[in-house]
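Trainee: Following this message is one structure expressed as structure tokens.
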Amino acid sequence: MSTENLNNTEALKKMRKLVEDIDFCMMLTDLNTQPISAIPMSTKKVDEAGNIWFLSGKESEHNTNISKDSKTQLLYSENSDMEFISIYGSASIHSDKDIIHDLYSKSDDAWFEDKNDPSITAIKFTPSEAYYWDTKENKYIALLKKGMATITGDKADVGEKGKLSL
């Protein structure tokens, strides 16, 4: 696996691609307390600046944690495509109805009454750095390449990893 560290525009492009491909993440909040609070979240949007947006309940534990300490980590994992990214940054809670309406979709009806539910908030996650692993191919091709490398004694090029400075 080769290492490719990226900065600025290229880092943002790589992060956006992985986040949009994977969609669901584990959001970790209250990072100074053990055990760390972790919940699954669905990405609603990655904006032009690279902020990642989610919808959340006003009274949720993670909203409470973010209000006390904005440090947050997102862990995205797509096992079938062997794509992974860990993103560290800060989160903030927003109750602007225009933002919420922009992010809301029919699938959110499972959690909220509708887009006007007064308990909905938006979480804006601003990344500062990330680390990724990406095979660029599915796991079967990666396993095949590893197997061939074992037989031939060559190194297997099964993808790339690296730090993203955002």
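The values are calculated or read from the model by the stated rules, or taken from the named source; none is laboratory data. Note that the structure is predicted; figures quoted are calculated from it, not measured. Positions of Cβ are generated from backbone atoms using ideal geometry, with glycine treated the same way; all protein chains shown enter the neighbour counts. The accessibility values were calculated without ligands, DNA or RNA, using every heavy atom of the protein model including side chains. Shrake-Rupley method; radii C 1.70, N 1.55, O 1.52, S 1.80 Å.
Trainee: Just to verify a result, which residue in region 116-125, among those that are within 23 Å of the chain's Cα centre (by Cα) and farther than 16 Å from Tyr76 by Cβ, is most open to solvent (accessible area, probe 1.4 Å)? Quick ask: steps written out before the conclusion?
Mentor: In the first step, residues of region 116-125 are kept if they are within 23 Å of the chain's Cα centre (by Cα); the result is 120-125.
Still in the running and farther than 16 Å from Tyr76 by Cβ: 120-122, 124.
Numbers: Ile120: 2, Thr121: 5, Ala122: 0, Lys124: 57 Å².
Going through the qualifying residues, I end up with Lys124.
Trainee: Can you say whether Ser90 is without any contact (Cβ under 8 Å) to a residue 40 or more places away in the chain and surrounded by fewer than 15 Cβ atoms within 10 Å (Cβ to Cβ), as far as the supplied structure shows? Spell out the reasoning first.
Mentor: Details: without any contact (Cβ under 8 Å) to a residue 40 or more places away in the chain: yes; surrounded by fewer than 15 Cβ atoms within 10 Å (Cβ to Cβ): yes.
Yes: the conditions hold for Ser90.
Trainee: Moving on. Can we say Glu78 is in contact with a strand residue (DSSP E or B) (Cβ under 8 Å, 6 or more places away or on another chain), within 24 Å of Ala110 (Cβ to Cβ) and at pLDDT below 95?
Mentor: On the way: in contact with a strand residue (DSSP E or B) (Cβ under 8 Å, 6 or more places away or on another chain): yes; within 24 Å of Ala110 (Cβ to Cβ): yes; at pLDDT below 95: yes.
Judged against the criteria, Glu78 is a match.
Trainee: Output the residue which, of all residues in region 93-113 that are hydroxyl-bearing (Ser, Thr, Tyr) and farther than 17 Å from Glu59 by Cβ, is most open to solvent (accessible area, probe 1.4 Å). Break it down into steps so the answer makes sense when it comes.
Mentor: Of the residues in region 93-113, the ones hydroxyl-bearing (Ser, Thr, Tyr) are 95, 104-105, 107.
Of the ones still in play, those that are also farther than 17 Å from Glu59 by Cβ are 104-105, 107.
Numbers: Tyr104: 37, Ser105: 44, Ser107: 79 Å².
Here the residue is Ser107.
Trainee: Does region 4-54 hold any residues that are of a type in the set (S, T, N, Q) and farther than 15 Å from Lys124 by Cα, and which are they? Spell out how you get there, then give the answer.
Mentor: Just the residues of region 4-54 that are of a type in the set (S, T, N, Q), to begin with: 5, 7-9, 29, 32-34, 37, 42-43, 51.
Once the filter is applied, which keeps residues that are of a type in the set (S, T, N, Q) and farther than 15 Å from Lys124 by Cα, region 4-54 yields Asn5, Asn7, Asn8, Thr9, Asn32, Thr33, Gln34, Ser37.
Trainee: List every residue pair whose Cβ atoms sit under 6 Å apart, with the two residues 6 or more apart in sequence or on different chains, where the first one lies in region 94-117 and is more than 13 Å from Lys45 (Cβ to Cβ) and of a type outside the set (A, V, I, L, M, F, W, C) and the second, anywhere, is exposed (fewer than 14 other Cβ atoms within 10 Å of the Cβ) and modelled with pLDDT of 95 or more.
Mentor: Hits for this filter: Lys115/His101.
Trainee: Next question. What tally of residues in region 1-38 results from selecting those that are in contact with a helix residue (DSSP H, G or I) (Cβ under 7 Å, 6 or more places away or on another chain) and within 27 Å of Thr135 (Cβ to Cβ)? Quick ask: steps written out before the conclusion?
Mentor: Quick first cut of region 1-38, residues in contact with a helix residue (DSSP H, G or I) (Cβ under 7 Å, 6 or more places away or on another chain) only: 6, 27, 29-30, 37.
Going one step further and asking which of them are within 27 Å of Thr135 (Cβ to Cβ), we end up with 6, 27.
Counting residues in region 1-38 that are in contact with a helix residue (DSSP H, G or I) (Cβ under 7 Å, 6 or more places away or on another chain) and within 27 Å of Thr135 (Cβ to Cβ) gives 2.
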